[in-house]
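Enquirer: Structure provided below as structure tokens; questions to follow.
The values are calculated or read from the model by the stated rules, or taken from the named source; none is laboratory data. Not measured: the values here are computed from a predicted model. Note that each Cβ is placed from the backbone with ideal geometry, even for glycine, and that neighbours are counted across all protein chains shown. The protein model used for the area step is the full one, side chains on, heavy atoms only, and it has no ligands, DNA or RNA in it. Shrake-Rupley method; radii C 1.70, N 1.55, O 1.52, S 1.80 Å.
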Amino acid sequence: MHGHLASQAEHAPAAILLAAGLGRRLGGVPKSALRIDGLSLFERLVDALRQSGIDDIGAVIGPYADRLLPLAQRCGVRVVWQGVPGAPLACSQRLAVQEHCARQTPRLQRDLLLLVADLPLLTDADIVPLLHAWRARPPAVRALVPVVDGVRGHPVCLSWEAVSAVDRLPPAQGVRDWLAGAGDAVQRLVTDRVAHVTDLDTPEDLAALRRRLWSRSVDW
């Protein structure tokens, strides 16, 4: 990789997909394996991150490894194993943070993007403005959260200092707990890009997605 391109890749944040949910409210399915026109959400999100200039990508996987591990391998994504079925999202966040911290060196301490893996509309067109805002943030800001109509969304950008602080929290606490106590160190990026807050938790969410993408195949 040539000089300035290598430097850009080196200083880009890492990203970790949180894909260890049980999908109970959707009847017990791996949400990130949902396919839109034959391509899974997992693959779509990895591609969106790469198109945004992020090359260091991992995924927290637990249940449904038979479906998700082949996707991770196909995408060339590192896997972080979540061994507790039904564990809360904070548990996956802490595993992601621990893995990220363990991979850093004194020379290179990357920031981190955390995102849930059931964001069907998210593309590089949503991530790139977030990264631009992250690079332009004031020095005291340690986290950036997209907000749409008052709802916090994903990805959440965390500085290396914020990642380290989350890693020092008591075991049961996660990123939300750190954000709640970080005050002005957290910046809100108010946007109208609904992809940041459109996820798949319920049958109603799936039905709404199918209506939005009515001309496309949406299924497992």
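Enquirer: Between GLY83, LEU69, ALA48, whose Cα lies farthest towards the positive end of the dipole of region 11-83 when Lys and Arg beta carbons carry +1 and Asp and Glu beta carbons carry -1, centred on the Cα centre?
Expert: GLY83
Enquirer: While we're looking at this one, here's another question. Please give me the summed charge of the neighbours of LEU18: other residues whose Cβ is under 13 Å from its Cβ, Lys and Arg +1, Asp and Glu -1.
Expert: That sum, taken over residues with Cβ under 13 Å, equals 0.
Enquirer: For region 26-141, what % of the accessible area comes from carbon and sulfur atoms, probe 1.4 Å?
Expert: Using a 1.4 Å probe with all protein chains present, region 26-141 comes out at 55 percent carbon and sulfur.
Enquirer: With a cut-off of 8 Å between alpha carbons and a minimum separation of six or more residues, what is the relative contact order of region 62-206 in percent?
Expert: Values: 173 pairs, mean separation 43.1, N = 145.
Relative contact order for region 62-206 comes out at 30 percent.
Enquirer: Roughly what % of Cα-Cα distances in region 68-220 sit above 18 Å, to the whole percent?
Expert: Percentage above 18 Å: 64.
Enquirer: Accessible area, 1.4 Å probe, largest first: how do VAL84, VAL148 sort?
Expert: VAL84, VAL148
Enquirer: Sort 63-70, 207-214, 120-127 for me by packing, meaning the mean count of neighbouring Cβ atoms within 10 Å per residue, highest on top.
Expert: So the peptides 63-70, 207-214, 120-127, ranked by packing, come out 120-127, 63-70, 207-214.
Enquirer: Would you work out the charge dipole size for the chain about its Cα centre, treating the Cβ of every Lys and Arg as +1 and the Cβ of every Asp and Glu as -1, and quote it to the nearest 20 debye?
Expert: Details: 25 positive and 23 negative charges, 23 e Å.
Result for the chain is approximately 100 debye, rounded to the nearest 20.
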